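What follows is a single structure, written as structure tokens, with notes after it.
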Amino acid sequence: MRSDPQLAKCVQLLGKVEHARVQELLRAADLFVSASHTESCGYAALEAYACGCLPLLTAIASFRALSDDGAMGELWSVGDASALSELLLRVSWQRPSRAQVREHFDARLSFAAVGQRWAQAYTQLRAAAPERIA
């Protein structure tokens with residue numbers, strides 16, 4: 001990237017940053033890109049969603065779950081640089097607003113949303129087998 005002056009003007013690779021700066025950086029970023037081959041959860045992607053920053057994620061199981069199979073956030077195949085390139089071009093012209101990304105987080109990924117789903121699942125389990133669950 002350093003050899004391409006046009007790209008160097010638009011893209012900043014920060015490397016490791018202090019956690020205290022993550023929110024500030026994600027709120028300033030246009031996009032969050034993760035090229036992970038595996039993730040158990042995807043905490044960095046969760047932080048991007050919480051800050052309203054649209055994630056571009058590899059189509060691994062954990063990222064498909066976070067993005068509702070790409071309904072909010074974009075998915076691309078692991079190792080497919082051409083697909084990522086096309087995706088970057090597309091989202092540079094059209095993407096959800098920061099507010100829409102944050103709404104997805106609030107409705108699906110926040111502690112409140114996850115807690116509500118767990119409570120509903122527990123209620124359904126108790127109703128299905130009340131004598132076995134104390």
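Miscellaneous remarks
Quick grid of which residues meet (1) among the basic types (Lys, Arg); (2) under 26 Å from residue 24 (Cα atoms); (3) not in a helix (DSSP H, G or I):
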| residue | (1), (2), (3) |
| --- | --- |
| 49 | no, yes, no |
| 56 | no, yes, yes |
| 63 | no, yes, no |
| 72 | no, yes, yes |
| 106 | no, yes, no |
| 116 | no, no, no |
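- Among the numbered conditions (1) surrounded by fewer than 19 Cβ atoms within 10 Å (Cβ to Cβ); (2) at negative phi, the only one that residue 76 does not meet is (1).
- A Cβ distance below 6 Å, combined with a sequence gap of six or more or placement on separate chains, defines the contacts here; from the stretch 6-33, residues that are basic (Lys, Arg) reach residues that are surrounded by 10 or more Cβ atoms within 10 Å (Cβ to Cβ) in the pairs 27/51.
- Selection within the stretch 86-96 - part of a loop (DSSP other than H, G, I, E, B) and either aromatic (Phe, Trp, Tyr) or in contact (Cβ under 8 Å) with a residue 12 or more places away in the chain (or both): 95, 96
- Evaluating residue 99 against the criteria (1) crowded, with 16+ Cβ neighbours inside 10 Å; (2) in contact (Cβ under 8 Å) with a residue 40 or more places away in the chain; (3) farther than 30 Å from residue 3 by Cβ leaves one unmet condition, (1).
- In a residue-by-residue description of the stretch 15-25, the property of being over 29 Å from residue 113 (Cα atoms), surrounded by fewer than 10 Cβ atoms within 10 Å (Cβ to Cβ) and of a type outside the set (Ser, Thr, Tyr) applies to at least one position.
- Cross-chain or 6+ apart pairs with Cβ under 9 Å, the stretch 109-129 first and farther than 19 Å from residue 42 by Cβ, then surrounded by 10 or more Cβ atoms within 10 Å (Cβ to Cβ) and at pLDDT below 95: 122/133; 125/133; 126/133
- Annotation note: of 80, 30, the sole residue that is acidic (Asp, Glu), at pLDDT 95 or above and under 23 Å from residue 14 (Cα atoms) is 80.
- Count of the stretch 10-26 residues which are touching a helix residue (DSSP H, G or I) at 6+ places or on another chain (Cβ under 8 Å) and not hydrophobic (A, V, I, L, M, F, W, C): 1
- Restricting the stretch 1-37 to residues that are among the β-branched types (Val, Ile, Thr) and not in a helix (DSSP H, G or I), the residue that is nearest to residue 74 (Cα to Cα) is 33.
The values are calculated or read from the model by the stated rules, or taken from the named source; none is laboratory data. Values in this document were obtained by computation on a predicted structure and should not be read as measured data. Glycine gets a Cβ as well: all are built from the backbone with ideal geometry, and neighbour counts include every protein chain shown.
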